[in-house]
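Throughout, read-outs are computed from the coordinates displayed, never taken from laboratory work. These numbers were taken from a predicted model, which means no experiment stands behind them. Please note: Cβ atoms are built from the backbone with ideal geometry, for glycine as well, and neighbour counts cover all protein chains shown.
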Amino acid sequence: MFNYEKEDIMSKGDKSAYTDKQKRKAEHIENSYEDRGVSHKEAEKRAWATVNKQDGGGKKSGSGKSSS
């Protein structure tokens, strides 16, 4: 019926909730994927997915964050 690609529907999201360290980490991961021949868009998606998986998303305050 409709022929939309995933990139057309999904927004990039607001990265302001991430720390500078998380942004640098995502950039480093993205560059690594691009060096291996992955497209820029796909490398960016994978990099942020990795940061989210490892760090649990954006900024977290130290006092309320639990590690269970």
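Observations, loosely collected:
- Using the average count of surrounding beta-carbon atoms within 10 Å as a protection proxy, the listed peptides 28-37, 44-53, 13-22 rank, highest first, as 44-53, 28-37, 13-22.
- Computed from label points 7 Å out along Cα-Cβ, the spacing between His40 and Thr19 is 2.9 nm.
- With the simple model of a label 7 Å out from the Cα in the direction of the Cβ, Asn31 to Gln54 spans 1.4 nm.
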